[in-house]
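Read through the structure below, which is laid out as structure tokens, and then see the notes.
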Amino acid sequence: MSRLTDILSLTLPQLRESVEKLGEKPFRAVQIFKWLHEKRAVSFDEMSDVSLSLRKKLSENFTFEHIKPVRLLESKNDGTVKLLYELSDGNHIETVLMSYEHGDSLCVSTQAGCKMGCRFCASTIAGFKRSLEPNEILGQLYETERVTGRHVSSVVLMGIGEPLDNFDNVVSFLRILSAPEGTNMSLRHVSLSTCGLVDRIYDLSELDLGLTLSISLHSPYDEKRSELMPINKKYCISELMAACRDYFAKTGRRISFEYALIEGENDSPEDAKALCGLVAGMPSHINIIPVNKIKERSYRSDRASAMRFCNMLCELGANATVRRTLGADIDAACGQLRREYEN
Ligand code: SAH
């Protein structure tokens with residue numbers, strides 16, 4: 001028997017089609033959608049202006065499940081909250097709420113585990129279980145707002161998993177998130193981070209959703225990047241940069257590059273020069289992140305080295321900053337909490 005779809009996973013057009021198939025008027029879909037995504041109902045029973053018979057039909061045709069917070073860590077330094085959620089099949093994912101001057105930002109997971117194999121990343125070491133459904137990505141936003149009482153004003157797809165390896169579900173999530181009848185978040189407030197699935201970047205450009213594309217670059221050299229990130233053996237840096245230029249040409253959105261600085265691996269003046277050469281002429285921003293220590297690897301760096309590398313880039317004319325470190329006291333680089341819990 002195939003599993004039922006969760007009601008929260010349906011975009012408004014999909015919900016309209018389903019409601020019509022159930023023999024109801026299409027406008028009912030907007031009512032139901034508002035209950036789900038604007039009023040954040042947690043059960044069919046709450047939908048008081050939807051007839052009992054339609055509520056019954058919905059409950060027979062769709063699941064309405066909720067991810068469960070099983071651990072919550074809150075930073076005493078800066079209010080960062082890290083949550084471990086359990087999915088209905090017992091898998092676990094992580095979500096992080098960060099506080100910035102412009103509002104709270106939520107970092108969501110898109111897969112339980114990851115198969116991309118980046119050497120420095122804890123999410124991939126713990127292995128890949130499965131991709132998340134749209135309701136499980138949305139659920140991280142809805143449950144985190146409920147549990148913390150805080151309001152999320154922007155979303156980054158930078159948690160566990162490779163968002164472009166779960167393309168259709170991520171796009172449904174984005175469509176539901178931005179629907180005016182629901183949460184109504186402008187996709188200008190959303191960033192999607194990818195290790196560089198070039199074919200999918202072209203697909204994303206075509207959709208022109210208006211979101212910021214973040215590329216995990218981490219080295220300007222193919223040899224070093226392939227060593228750190230196996231995906232580079234499939235799509236090399238020049239192919240990746242061509243896809244970035246196409247993304248900018250089609251969407252007008254400048255590209256953000258993530259660069260995890262690792263001592264002795266990618267932090268030399270030559271690296272800085274080659275990196276500037278790569279992004280020359282492309283509206284972009286480079287985010288330097290001192291690599292987070294994970295216990296399986298000896299990779300290290302610190303804020304001072306990140307600042308030094310960043311200054312080299314700026315002197316060469318690039319637009320670069322060092323990412324603020326948040327929640328240092330609850331650290332567990334992405335993916336570590338899940339691993340500890342599952343062990
Ligand atoms: N799969 C996507 C998104 C998830 S990872 C991607 O690769 O972009 C989010 C970001 O964290 C990526 O830039 C990733 O390279 C980076 N990252 C992973 N492990 C890290 C670590 N130990 N230290 C610093 N950054 C890390």
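Find out how many positive minus negative residues lie around Lys68, taking Lys and Arg as positive, Asp and Glu as negative, among other residues whose Cβ is under 9 Å from that of Lys68.
Around Lys68, the charge tally is -2.
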State whether the stretch 5-63 is rounded, prolate or oblate according to the following rule on the C-alpha gyration tensor (a ≥ b ≥ c being the square roots of its eigenvalues): a/c under 1.5 gives rounded; otherwise a/b larger than b/c gives prolate, and the remaining case gives oblate.
rounded
The local net charge around Met185, scoring Lys/Arg +1 and Asp/Glu -1 for residues other than Met185 whose Cβ lies under 13 Å from its Cβ, equals -2
Under the rule a/c < 1.5 gives rounded, and otherwise a/b versus b/c splits prolate from oblate, where does the stretch 15-116 land using the Cα gyration tensor?
prolate
Could you rank Asp271, Asp168, Asp302, Asp78 by how accessible they are, 1.4 Å probe, largest area first?
Asp168, Asp302, Asp78, Asp271
Between Lys295 and Asn77, what FRET efficiency comes out of the Förster formula 1/(1 + (r/R0)^6) with R0 = 30 Å and r the beta carbon distance, rounded to 0.05?
0.85
Residues whose placed amide H lies under 5 Å from that of Arg71, excluding near-sequence neighbours:
Leu84
Given charges of +1 on the Cβ of Lys and Arg and -1 on the Cβ of Asp and Glu, with all other atoms neutral, how large is the dipole of the chain about its Cα centre, in debye to the nearest 20?
180 debye
Averaged per residue, what accessible surface does the chain expose to a 1.4 Å probe, in Å²?
44 Å²
Using modelled backbone amide H atoms (1.01 Å from N, in-plane), which distant-in-sequence or interchain residues come within less than 5 Å of Phe128's amide H?
Cys114
Hey, any idea what Rg/Rh is for the chain, computing Rh the Kirkwood way over Cα pairs?
0.99
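So what is the calculated 222 nm ellipticity per residue for the chain, using -39500 (n - 2.57) for each DSSP H run with n of 4 or more, over all residues, to the nearest 500 deg cm²/dmol?
The helix-only estimate for the chain comes to -11000 deg cm²/dmol at 222 nm.
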Which net charge results when you count Lys and Arg as +1 and Asp and Glu as -1 among the other residues whose beta-carbon is under 15 Å from that of Leu316?
-2
In whole percent, and with a 1.4 Å probe on the protein chains, what portion of the accessible area of the chain is carbon and sulfur?
49 percent
For Lys34, go through the lysines and keep the ones whose alpha-carbon is under 22 Å away, minus same-chain ones fewer than eight residues off.
Lys21, Lys25, Lys56, Lys57
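Would you rank Asp329, Asp104 by solvent-accessible area, highest first, keeping every protein chain in place and using a 1.4 Å probe?
The most accessible residue leads, giving Asp329, Asp104.
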Report, ordered by chain and residue number, the aspartates and glutamates lying within cross-link reach of Lys250, taken as a straight Cα distance under 14 Å and ignoring same-chain residues fewer than 8 apart.
Asp203, Glu206, Asp208
Over the stretch 68-342, what relative contact order in percent results from Cα pairs under 8 Å that are six or more residues apart?
18 percent
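The values are calculated or read from the model by the stated rules, or taken from the named source; none is laboratory data. It should be emphasised that the depicted structure is a prediction, and the values quoted were computed from it without experimental measurement. All Cβ positions, glycine included, derive from the backbone under ideal geometry; neighbour counts span all protein chains shown. Areas reflect the complete protein model, heavy atoms only, side chains present, ligands, DNA and RNA absent. Shrake-Rupley method; radii C 1.70, N 1.55, O 1.52, S 1.80 Å.
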